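The values are calculated or read from the model by the stated rules, or taken from the named source; none is laboratory data. For clarity, every value in this text was computed on a predicted model and none was experimentally measured. All Cβ positions, glycine included, derive from the backbone under ideal geometry; neighbour counts span all protein chains shown.
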Amino acid sequence: LQAEAIRQMESFRSNFRDNNYFVALVNNAHYYYNNEENEYAGNQFRYVLDKDKPDDAWFFQLIEEGRDFHLNVNPDTELGVTKLWIDVLMRDEAGEIVGMVGTGLSLDAFLQDIVDIGQEGITTLFVDYNGAIQLYRDRNYIDFASIIKPEGQKNTIDLLFDDPQDKQQILGMLQLLKKPGDQAGQVESGFVTVDGRKHLAGVAFLPAIGWFEITLLDLNTLLPTSYLWPLVAVFLGTLLVTLVLFHLIIQSRILKPIMSLKHAVEKVREGSFDLPRLDKPDNEIGWLADHFEKMTQSLGHSTRELEEKVAQRTDELNRLARVDPLTGLKNRRGLDEVLDEEIQRARRQETGFGVIWLDIDHFKSINDNLGHQAGDQILCRVALWLKAGVRPYDHPGRWGGDEFVVLLSPCDPETLHRIALRIRESVEQESRKTGTQVTVSVGGYFALPGDSTDTILRQADRALYQAKDEGRNRVCITTSEDPEINPA
């Protein structure tokens, strides 16, 4: 199972933007990883996570929080890499968390694409609920592994602002935006001072990932004092519109696809692999959604194949549980089930059916003189002759040891008598051809509607012992509980 899981993940690795993946399991804390260079091919197991090690605490914290999606800027000291990790929880059919899977994006490339847009006078950063800096163009300000750091040790937005009141103003905006309600598209703004320069700050909440986007507009750069003041209001309005548009773009390219992917994960967790079409923007989130869609299709196909195989094997096991392995006939369990069905049918239709009970004469002597292997061969031959002597729709079986039972339906007393004689004669005649004479004693009972299982078996057994008492190699038939048994 582990090898198959690794093979599946390796097949998906090329679909990720940075061609890497990780898998971490809850039950044993094993951590698997492979990178773009395929450096760990055949050795994807890298190390065991330790909840007492600060570097590994992120995993256990995310498992405890139970968030299906999480973005985590974190250095992996064991692997020697620092990435923006996209973490997705794995759950079993009962909804229990069994592990985590994800991929790491190059932090420098992501900062260049999303954060450091190259526009002079415009600075974008992302912070968490506590104002800890998650993404910023200067890596020295990023608060790596925020999830496990205590308050007071985090790199927060107060590192950027000259005035402590500016930090409180921004934190107030964060609190306002994260209040319950529909905050989609809402932007809070205010003036702050950064490096001695006046900035207009715009803040928007990204609820899907639990981060806030902060955009700082340097007014001295974007709006020099030489400009006519009547243009200030127009320009500020334009800047605010730009902030809203930028937030809507983030909403469309990141948040909406993430929510779509989250709903897809919930459907898979509920056991449904028939997913709606996912939003796939042309970025890392889109590639993750495409990969998840392909993985889900593969899992759905594998699950259906597994269910079919399990059903086939279950049917085969049920069949084998009712078959005697030596002779291939029904065993006692199989005969009991057929007997119960015939008793019910007889009661419904007010008709009888025949039961033949026979055993091989002097079989113990055959085993003692010729050996058990020869005895097994004789049992198999008798089974073949027994099948040949009954009708295709009758039910011959091995009751146990050297005893065999046949259920005849439909049947009447004359048919029961005729088939019992044919079985005895067939065994006697066919065995002569093998060089080892074999005979059988046969007892028969014609079961009536209302007869119980005990009555039927007792009468057939009684007839068998009557045949043996009368010298063996005989047929004795009875058709009721009380009358004498009729030899034949």
Expected output for segment 106-128 (first residue without any contact (Cβ under 8 Å) to a residue 40 or more places away in the chain, partner basic (Lys, Arg), Cβ below 7 Å, 6+ apart or cross-chain) is Leu107/Lys83; Leu111/Arg137; Val115/Arg137; Asp116/Arg137
When segment 373-412 is checked residue by residue, the ones that are under 21 Å from Lys468 (Cα atoms), touching a residue at least 60 places away in the same chain (Cβ under 8 Å) and either assigned to a helix (DSSP H, G or I) or touching a Ser or Thr at 6+ places or on another chain (Cβ under 6 Å) (or both) are Ile378, Arg398
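Given the residues Gly80, Gly95, which is the only one that is closer than 19 Å to Gln44 by Cα and either surrounded by fewer than 18 Cβ atoms within 10 Å (Cβ to Cβ) or in contact with a strand residue (DSSP E or B) (Cβ under 8 Å, 6 or more places away or on another chain) (or both)?
Numbers: Gly95 fails: closer than 19 Å to Gln44 by Cα.
Unique residue meeting the criteria: Gly80.
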Positions within segment 167-189 being under 41 Å from the mean Cα position of the chain (by Cα) and either of a type in the set (Gly, Ala, Ser) or modelled with pLDDT of 90 or more (or both), in sequence order:
Gly181, Ala184, Gly185
Residue count, segment 123-155 (criterion: crowded, with 19+ Cβ neighbours inside 10 Å and either among the hydroxyl-bearing types (Ser, Thr, Tyr) or not in a loop (DSSP other than H, G, I, E, B) (or both))
11
Out of all the residues in segment 58-78, which are under 27 Å from the mean Cα position of the chain (by Cα) and in contact (Cβ under 8 Å) with a residue 12 or more places away in the chain?
Trp58, Phe59, Gln61, Leu62, Ile63, Gly66, Arg67, Asp68, Phe69, His70, Leu71, Asn72
Hey, among the residues in segment 340-372 that are in a helix (DSSP H, G or I) and more than 50 Å from the chain's Cα centre (by Cα), which one's nearest to Asp461 (Cα to Cα)?
Phe363
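Here is a yes/no grid of residues against (1) assigned by TED's automatic domain parsing to the domain that holds Tyr136; (2) in contact (Cβ under 8 Å) with a residue 24 or more places away in the chain; (3) over 23 Å from Phe144 (Cβ atoms):
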residue: Gln2; (1), (2), (3): no, no, yes
residue: Asp18; (1), (2), (3): no, yes, no
residue: Ala29; (1), (2), (3): no, yes, no
residue: Glu36; (1), (2), (3): no, no, no
residue: Asn43; (1), (2), (3): no, no, yes
residue: Gly80; (1), (2), (3): no, no, no
residue: Ile86; (1), (2), (3): no, yes, no
residue: Ala94; (1), (2), (3): no, no, yes
residue: Ile97; (1), (2), (3): no, yes, yes
